[in-house]
Amino acid sequence: MDKERIFSVAVDGPAGAGKSTVARGAAKRLGIVYVDTGAMYRAMGLKALRLGVPADSEERVLPILDDTEITLRFIAGEQHIFLDGEDVTGLIRTQEVSNAASKISAIPAVRRKMVAIQQKLAEGVSLTMDGRDICSYVLPGAEYKFFVTASPDARTARRYKELSEKGTLGGMTFNDLLVEMHERDARDSGRDCMPLKKAPDAVLIDTTYMSIEESIDALLHYIDRASEA
Ligand code: DC
């Protein structure tokens, strides 16, 4: 592939499909930037939680949106997310913040604000960006588009393992997580504004029975093949 060429890799998919791990790994192997857009909705969800604002109340969220500054910075090659100037990277991976992020991301004004920041970030640089709406709305002109998914059971099992390893399960069982996963899927796919949906021109990668390395290989294989075509 021509190293001077600027290109975007858009990766969408549901929670727990391994999308971020695959997108991050692919970016590393391609030597380009990786942007995790979910972190921005998570930071906004964290803000609502801190202020006691219900994340699904558009009328309560709108007044705080204009006063909120969300920025991404890259420190030693890793993405850090700043909420009103505070680095909240380590605070946004809890189940509580996941649910608040899913709810707040259904508010059109929140999405418009985040999408504008994401499109600006992508100007003039090669990157891999992952989220729910990247192929269809954020970077519809991306050179490479993927939809990374896995069965709900496989996705829940991965989330369960991740949370138990971090010690942040908080007494939740596999079944509790499975129910939450279904609720989150329904919310992310069922919202009116920019819902999670496979773009017609995105390549489907089902990681249910794949390791991380195999999933990254699959994605890079498609990029190689498409670049040669
Ligand atoms: O990818 P994640 O689990 O960190 O995302 C958190 C929530 O943010 C998820 O429930 C859906 C929402 N989200 C979105 O609506 N659009 C994106 N581009 C990224 C995330």
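Remarks
- Applying the condition of being assigned to a loop (DSSP other than H, G, I, E, B) and more than 16 Å from the ligand (Cβ to nearest atom) to the stretch 127-152 and asking which residue is farthest from Asp201 (Cα to Cα) yields Ser151.
- Lone qualifier among Val203, Val148 - being in contact with a Lys or Arg (Cβ under 9 Å, 6 or more places away or on another chain), more than 23 Å from Tyr41 (Cβ to Cβ) and among the hydrophobic types (A, V, I, L, M, F, W, C): Val203
- Pairs where the first residue, in the stretch 19-36, is closer than 11 Å to Ser8 by Cα and the second is aromatic (Phe, Trp, Tyr) and within 12 Å of the ligand (Cβ to nearest atom), C-beta under 6 Å, 6+ apart: none
- Conditions (1) within 15 Å of the ligand (Cβ to nearest atom); (2) in a helix (DSSP H, G or I); number of the one not met by Arg60: (1)
- So Gly124, is it closer than 27 Å to Val9 by Cα and away from the ligand (no atom under 15 Å from the Cβ): yes
- Summed over the stretch 181-208, the residues that are within 11 Å of the ligand (Cβ to nearest atom), more than 18 Å from Arg111 (Cα to Cα) and open to solvent by less than 40 Å² (accessible area, probe 1.4 Å) give a count of 1.
- Set side by side, the residues Lys145, Lys197, Lys161 differ, and just one is of a type in the set (Lys, Arg) and under 15 Å from Thr21 (Cβ atoms), which is Lys161.
- Qualifying residue in the stretch 209-225 (condition: within 26 Å of Leu169 (Cα to Cα), polar (S, T, N, Q), open to solvent by less than 20 Å² (accessible area, probe 1.4 Å) and in contact (Cβ under 8 Å) with a residue 40 or more places away in the chain): no
- Residue within the stretch 81-100 that is among the hydrophobic types (A, V, I, L, M, F, W, C) and in contact (Cβ under 8 Å) with a residue 60 or more places away in the chain present: no
- Some residue of the stretch 10-18 being away from the ligand (no atom under 15 Å from the Cβ) and touching a residue at least 60 places away in the same chain (Cβ under 8 Å): no
- Exclusive hit being within 16 Å of the chain's Cα centre (by Cα), in a loop (DSSP other than H, G, I, E, B) and within 13 Å of the ligand (Cβ to nearest atom), set Arg155, Arg93, Arg111: Arg93
- Test: Leu121 is under 24 Å from Asp201 (Cβ atoms), open to solvent by 30 Å² or more (accessible area, probe 1.4 Å) and in contact (Cβ under 8 Å) with a residue 40 or more places away in the chain: yes
The values are calculated or read from the model by the stated rules, or taken from the named source; none is laboratory data. Values in this document were obtained by computation on a predicted structure and should not be read as measured data. Positions of Cβ are backbone-derived with ideal geometry, glycine not excepted, and every protein chain shown enters the neighbour counts. SASA here: full protein model, heavy atoms, side chains in, ligands and nucleic acids out. Shrake-Rupley method; radii C 1.70, N 1.55, O 1.52, S 1.80 Å.
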